[in-house]
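The values are calculated or read from the model by the stated rules, or taken from the named source; none is laboratory data. Since this is a predicted model, take the numbers as computed values, not measurements. Heads up, the Cβs are rebuilt from the backbone with ideal geometry, glycines too, and the neighbour counts pull from every protein chain shown. Each accessible area value is taken on the protein alone, full model and side chains, heavy atoms only, with ligands, DNA and RNA left out. Shrake-Rupley method; radii C 1.70, N 1.55, O 1.52, S 1.80 Å.
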Amino acid sequence: MDSGSEGQVVRQRECWRVHWHHDFDDEPVVIHSEIGGDGYEVRKVETFRDGRLGWADEAESCGGTGLGEVPVGPIEDVQAQAEFTACVISAEEFDAVWDRATGRRRPE
């Protein structure tokens, strides 16, 4: 992390994969998030137990998925909670999940 102007912390953009261990049928079991430098989610894909995919970005959403309304903390805070297994993933891995969820194809 770098220090920005006025003491604000500037983060690098990160992509996360979070497995949520629970028994709720209507909640996602895997959440892929792209986190912007300001700590806010930029894009998100949620995978549900039955295989459904929901997604959201700053312009649109599908399947009831929405972006968080507050900045996320460090991934270590998520990892410290027993109900989650979380890791940082590559932008390429996130993009592959995003493309599958949205049905979009990137030019090669």
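Across segment 71-100, what is the number of residues that are acidic (Asp, Glu), touching a residue at least 40 places away in the same chain (Cβ under 8 Å) and in a helix (DSSP H, G or I)? Let's see the steps before the verdict.
Within segment 71-100, the subset acidic (Asp, Glu) is 76-77, 83, 92-93, 95, 99.
Filter again for touching a residue at least 40 places away in the same chain (Cβ under 8 Å), leaving 83, 93.
Now restrict to residues that are in a helix (DSSP H, G or I): 93.
Within segment 71-100, residues that are acidic (Asp, Glu), touching a residue at least 40 places away in the same chain (Cβ under 8 Å) and in a helix (DSSP H, G or I) number 1.
Any residue in segment 1-23 that is in a strand (DSSP E or B) sitting within a Cβ distance under 8 Å of a residue that is among the hydroxyl-bearing types (Ser, Thr, Tyr) and at pLDDT 90 or above? List the pairs, counting only those 6 or more apart or interchain.
Going by the 8 Å Cβ cut-off, the qualifying pairs are CYS15/SER33; CYS15/SER90; TRP16/SER33; VAL18/SER33; VAL18/THR85; HIS19/THR85.
How many of the residues in segment 1-52 are open to solvent by 50 Å² or more (accessible area, probe 1.4 Å) and modelled with pLDDT under 90?
Residues meeting the conditions: 11.
When residues of segment 26-46 are filtered for being more than 17 Å from VAL70 (Cβ to Cβ) and either among the small types (Gly, Ala, Ser) or in a strand (DSSP E or B) (or both), how many remain?
As a first pass, look at segment 26-46 and keep what is more than 17 Å from VAL70 (Cβ to Cβ): 26-30, 32, 45-46.
Filter again for either among the small types (Gly, Ala, Ser) or in a strand (DSSP E or B) (or both), leaving 28-30, 32, 45-46.
Here the count works out to 6.
Given the criteria charged (D, E, K, R), open to solvent by 80 Å² or more (accessible area, probe 1.4 Å), without any contact (Cβ under 8 Å) to a residue 24 or more places away in the chain and closer than 15 Å to ARG17 by Cα, does GLU60 qualify? Even if it seems obvious, please write down each step before you answer.
Numbers: charged (D, E, K, R): yes; open to solvent by 80 Å² or more (accessible area, probe 1.4 Å): yes; without any contact (Cβ under 8 Å) to a residue 24 or more places away in the chain: yes; closer than 15 Å to ARG17 by Cα: no.
Answer is no for this residue.
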